[in-house]
Amino acid sequence: MHLDLTGKTAVVTGSSQGIGLAIAAGLARSGARVAVNGRDAGKVDAAVGQIRHGAPGADVLGVAADLATDEGTAELVDRLPDIDILVNNLGIFGAQEPLEITDAEWRRYFEVNVLTAVRLTRAYLPGMTDRGWGRIQYIASDSAFAVPAEMIHYGMSKTALLAVSRGFAKAAAGSGVTVNTVVAGPTHTGGVEDFVYQLVDRSLPWDEAQREFMRVHRPQSLLQRLIEPDEIAAMVVYLGSVQASATTGAAVRVDGGYVDSIAP
């Protein structure tokens, strides 16, 4: 299947590293004009350079802005008033004792992980529906279904994205715009290797170490290894394509079978 996004403009929030960077690179390799976003201008510039190195001739630009603020959102929309693909990847996470999560932290997780995506959807969906084509995606997590006891606030925000996605898909019904959520499972991102080696024998080669980690600490995974960011990106690129025109209002799992359910 050839996924050609030539002529399409995409915004990937929180894309200066990790899964977001892999998604931006995947979209660029498929021909889309891609805006890389992050708060740190240096990291954004480095990410743009990395994508261009891997995809010579790619049309990539950087937008250093804090999209968790009204001002940051306005800056992005001013620079790119009309886009075809919006990938709401920006998110924060961290472990905390459930009864010690303050009201301020609950609000912060909701505002960054959920309201940022809502605000951008509100900004870009009308133009997409007017033009009769568009793709909006939200990057959720297995934590939306299997809420970790040590990250209830994070799980809450990812569960909320499922509702947001389904609701906006209904708002876009019949318009040619699709709205979906990608549910990512345990993924090999920055810092994960150190975390793995805190729990398994440091003398093991990485491939063996991650499989031991998954076998002992994430036994519900059917993949039995960490997911690579490019594997998440592949699904996002597909959902951004013409070929995925009949998929909307869905929670599409790229979780390696981590969520123990036969339903989507």
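A few notes on this one:
- For segment 131-152, a residue qualifies if it is part of a loop (DSSP other than H, G, I, E, B) and closer than 24 Å to GLY256 by Cβ, and the qualifying residues are PHE145, ALA146, VAL147, PRO148.
- Members of segment 47-74 that are crowded, with 17+ Cβ neighbours inside 10 Å and part of a helix (DSSP H, G or I): ALA47, VAL48, GLN50, ILE51, GLY72, THR73
- Within segment 13-39, the set of residues being open to solvent by 40 Å² or more (accessible area, probe 1.4 Å) and over 18 Å from VAL77 (Cα atoms) comprises GLN17, ARG29.
- Residue check, GLY132 within 23 Å of ILE232 (Cβ to Cβ), out of contact with any His (no Cβ under 9 Å at 6 or more places or on another chain) and either of a type outside the set (D, E, K, R) or open to solvent by less than 10 Å² (accessible area, probe 1.4 Å) (or both): no
- ASP103 vs. criteria over 22 Å from GLY191 (Cβ atoms) and open to solvent by 80 Å² or more (accessible area, probe 1.4 Å): yes
- Taking segment 217-260 as the range and being assigned to a helix (DSSP H, G or I), small (Gly, Ala, Ser) and over 16 Å from the mean Cα position of the chain (by Cα) as the test, only ALA244 passes.
- Top-ranked residue in segment 177-213 [being in a loop (DSSP other than H, G, I, E, B) and in contact (Cβ under 8 Å) with a residue 60 or more places away in the chain; ranked as farthest from ASP260 (Cα to Cα)]: GLY190
- Applying the set (1) surrounded by 16 or more Cβ atoms within 10 Å (Cβ to Cβ); (2) of a type in the set (Lys, Arg); (3) in a loop (DSSP other than H, G, I, E, B) to LYS158 leaves exactly one unmet item: (3).
- Residues being more than 21 Å from the chain's Cα centre (by Cα) and either of a type in the set (Phe, Trp, Tyr) or at pLDDT below 95 (or both) - total across segment 175-194: 1
- Complete set of residues in segment 80-130 that are outside any helix (DSSP H, G or I) and over 18 Å from LEU61 (Cβ atoms): ASN88, GLY91, ILE92, PHE93, GLY94, ALA95, GLN96, GLU97, ILE101, THR102
- Yes/no for ARG166 being surrounded by 16 or more Cβ atoms within 10 Å (Cβ to Cβ), in contact with a Gly (Cβ under 9 Å, 6 or more places away or on another chain) and under 30 Å from ASP130 (Cβ atoms): yes
Matching residues to (1) out of contact with any Leu (no Cβ under 6 Å at 6 or more places or on another chain); (2) basic (Lys, Arg):
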{"residue": "ARG33", "(1), (2)": "yes, yes"}
{"residue": "ALA47", "(1), (2)": "no, no"}
{"residue": "THR69", "(1), (2)": "yes, no"}
{"residue": "ALA95", "(1), (2)": "yes, no"}
{"residue": "THR102", "(1), (2)": "yes, no"}
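The values are calculated or read from the model by the stated rules, or taken from the named source; none is laboratory data. Values in this document were obtained by computation on a predicted structure and should not be read as measured data. Every residue, glycine among them, receives a Cβ derived from its backbone with ideal geometry; neighbour counts consider all protein chains shown. We work out accessible area using only protein heavy atoms, side chains counted, and drop any ligands, DNA or RNA first. Shrake-Rupley method; radii C 1.70, N 1.55, O 1.52, S 1.80 Å.
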